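Notes follow the structure.
The values are calculated or read from the model by the stated rules, or taken from the named source; none is laboratory data. All figures in this text were calculated on a predicted structure; none of them were measured in a lab. Because the Cβ atoms are built from the backbone with ideal geometry, glycine has one as well, and the counts that use them run over all protein chains shown. For accessibility, only protein heavy atoms count, side chains too; no ligands or nucleic acids. Shrake-Rupley method; radii C 1.70, N 1.55, O 1.52, S 1.80 Å.
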Amino acid sequence: MLVVHVHVHVKPEMVAEFRRVTIENARASVQELGIARFDVIEQQDDATRFLLIEVYLTPEAVTAHRATNHYAKWRDAVEPMMAEPRQRTLYNAVFPDPEGW
């Protein structure tokens, strides 16, 4: 399994709209067969900072997700909302055993 953390810093005046479109994207994303989890997390001490935690069953599921209409809609919508470019870090799941999911 592949875990992706996407760090997002949003312009203060865009937080509510970012939350709305990101939750819409997350709801659609969890319906994809290759996605095990898709969390949207807001930093407690800074409401302009978010972490998206995406858990994919296979590397191909990442490619499939990025080809969906809902991802493209989200990507284009949030681009002008960013205070700085989003950053992505990739991880491999170690525990729980990915084979046991």
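Here are a few things to note about the model shown:
- Scanning region 43-62 for residues being touching a residue at least 12 places away in the same chain (Cβ under 8 Å) and open to solvent by 70 Å² or more (accessible area, probe 1.4 Å) gives a total of 4.
- Any hit, region 63-71, residues being under 14 Å from the mean Cα position of the chain (by Cα) and among the charged types (D, E, K, R): yes
- Only helices (runs of 4 or more DSSP H) whose full extent lies in region 3-101 are considered here, and the ones with at least 1 residues that are touching a helix residue (DSSP H, G or I) at 6+ places or on another chain (Cβ under 7 Å) and among the polar types (S, T, N, Q) are 15-29.
- Residues that are open to solvent by 30 Å² or more (accessible area, probe 1.4 Å), closer than 19 Å to ASP76 by Cβ, in contact (Cβ under 8 Å) with a residue 12 or more places away in the chain and of a type outside the set (A, V, I, L, M) within region 12-31 comprise GLU17, ARG19, GLU24, listed in sequence order.
- Only residues that are under 12 Å from the mean Cα position of the chain (by Cα) and either without any contact (Cβ under 8 Å) to a residue 24 or more places away in the chain or within 13 Å of HIS5 (Cα to Cα) (or both) were counted across region 72-89, and they come to 5.
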